[in-house]
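**Student:** Below are the structure tokens for one structure; questions will follow.
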């Protein structure tokens, strides 16, 4: 549980000017394809690994806005799902 608290604190610190909310918990599986690691999450798709999280981000039509989803592993098979937009 400590890693969840630390992750939440990093969201407060690093994403202060970004709108974000916790969607819930999800089962995930880490897979490797062509030397890259991804999290496969039912109902959410695949997310590329970056450090200790998995992320999927898109840029809006005007190019200066973006949104996405962060998958933060809690255990080997459960993850916290956070959506964000700016």
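**Student:** Among 52, 42, 72, which is exposed (fewer than 11 other Cβ atoms within 10 Å of the Cβ) and under 11 Å from the mean Cα position of the chain (by Cα)?
**Tutor:** Testing whether each residue is exposed (fewer than 11 other Cβ atoms within 10 Å of the Cβ) and under 11 Å from the mean Cα position of the chain (by Cα) leaves just 52.
**Student:** Let me ask another. Looking only at the stretch 12-34, count every residue that is farther than 22 Å from residue 76 by Cβ and either at pLDDT below 75 or in contact with a strand residue (DSSP E or B) (Cβ under 9 Å, 6 or more places away or on another chain) (or both) and tell me the total.
**Tutor:** So the answer is 10.
The values are calculated or read from the model by the stated rules, or taken from the named source; none is laboratory data. Predicted model, so just to flag it, every value in this text is computed and none were measured. All Cβ positions, glycine included, derive from the backbone under ideal geometry; neighbour counts span all protein chains shown.
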